[in-house]
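Nothing in this text is a laboratory measurement; each read-out follows from the coordinates by a stated rule. These numbers were taken from a predicted model, which means no experiment stands behind them. Positions of Cβ are backbone-derived with ideal geometry, glycine not excepted, and every protein chain shown enters the neighbour counts.
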Amino acid sequence: MDHKPLIAITGASSGIGEAVARAFSAAGHPLLLMARRLDRLEALALPRTVLRKVDVRDRASLAAAVRDAEADYGPVDLMFANAGIARLGDIATQPPEEWDEMIDINTKGVMNSVHAVLTGMVARRQGTLVMMSSIAGRKVYPDHTVYCGTKFFVHAVSESLRAYLAPHNVRVVVVSPGIVDTEVLDHVNDSRTLENYKSNKAAIGGGISADIVAGLILDAYALPQRAIVQEIVITPTQQTY
Ligand code: NDP
């Protein structure tokens with residue numbers, strides 16, 4: 001009989017979120033998978049999953065999805081606040097609506113994900129928040145202006161939450177990858193920015209697989225609750241900036 005706890009993932013329909021879903025499912029966990037593309041969640045065909053069409057900007061629907069999944073599988077023991085969008089572009093010409101989108105999804109969406117599970121984890125003195133930042137949450141890059149702002153936000157909130165939650169025995173892990181091969185570039189509308197990004201990526205031999213990031217998150221989670229990997233910084237070996 002398997003009693004592994006429930007894992008919740010936002011942005012599970014592609015890329016790193018999908019890889020983390022597959023890794024935790026293979027390790028025997030039930031899952032709550034959330035994204036806007038429900039068909040992509042269904043196509044994963046993973047066992048013991050609750051699938052919910054959730055836009056992380058919608059705080060109420062995210063909380064409702066957590067309540068539904070917890071009714072089936074017990075408390076969420078790990079929330080992977082992963083959903084994010086990278087609309088990279090020249091800050092002077094970029095439509096401000098693209099800033100709004102990144103700020104709402106990458107910062108408020110992360111807070112909504114945390115909010116849905118925080119009080120339960122504190123009450124249980126048990127749980128792990130995995131916060132998706134980026135190497136762009138530690139350094140700035142050309143045409144990443146607002147994206148970097150959102151990821152620096154995730155770093156600051158993670159540090160603060162870690163200090164707040166430490167006495168409650170709840171862990172906060174921040175994940176800061178470099179270039180990972182996913183669908184992330186599909187959202188870049190500025191063609192010059194996209195070309196520069198692609199040539200920089202080619203110059204370092206390409207990105208790494210999302211499975212590598214997923215494996216690190218699984219290993220960090222598997223440590224005893226009293227031990228924490230505070231931060232995971234993972235990049236292609238040739239990515240030195
Ligand atoms: P993908 O574009 O493949 O995945 C993004 C995921 O986020 C999708 O599942 C998408 O699902 C979901 N998502 C986007 N907006 C929303 C929303 N409003 N509500 C719910 N879900 C949403 O890219 P990655 O896997 O690369 O991105 C995952 C995270 O990793 C992001 O936060 C990104 O910033 C970060 N990251 C990526 C790096 C990379 O090089 N790939 C490097 C560093 C960090 P759907 O569209 O179905 O809603």
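Below, the figures for the structure above:
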| quantity | calculated |
| --- | --- |
| Filter result (surrounded by 14 or more Cβ atoms within 10 Å (Cβ to Cβ), more than 16 Å from the chain's Cα centre (by Cα) and not in a helix (DSSP H, G or I)) within segment 153-205 | Asn169, Val170, Val188, Asp190, Ile204 |
| Output for segment 126-150, where each listed residue is closer than 17 Å to Ile217 by Cβ and either surrounded by 21 or more Cβ atoms within 10 Å (Cβ to Cβ) or in contact with a helix residue (DSSP H, G or I) (Cβ under 8 Å, 6 or more places away or on another chain) (or both) | Gly127, Thr128, Leu129, Val130, Met131, Met132, Ser133, Ser134, Gly137 |
| Selection count where residues are touching a Ser or Thr at 6+ places or on another chain (Cβ under 6 Å) and over 20 Å from Thr240 (Cβ atoms), scope segment 110-154 | 5 |
| Tabulated pairs, segment 173-193, first within 16 Å of Pro236 (Cα to Cα) and within 7 Å of the ligand (Cβ to nearest atom), second hydroxyl-bearing (Ser, Thr, Tyr) and assigned to a helix (DSSP H, G or I), C-beta under 9 angstrom, 6+ apart or interchain | Ile179/Tyr197 |
| Filter pass, Glu18 being of a type in the set (Asp, Glu) and either touching a residue at least 12 places away in the same chain (Cβ under 8 Å) or more than 29 Å from Asp143 (Cβ to Cβ) (or both) | yes |
| Residues being of a type in the set (D, E, K, R) and surrounded by 19 or more Cβ atoms within 10 Å (Cβ to Cβ) - total across segment 66-100 | 3 |
| Number of the exception - Ile103 against (1) buried (at least 17 other Cβ atoms within 10 Å of the Cβ); (2) in contact (Cβ under 8 Å) with a residue 24 or more places away in the chain | (1) |
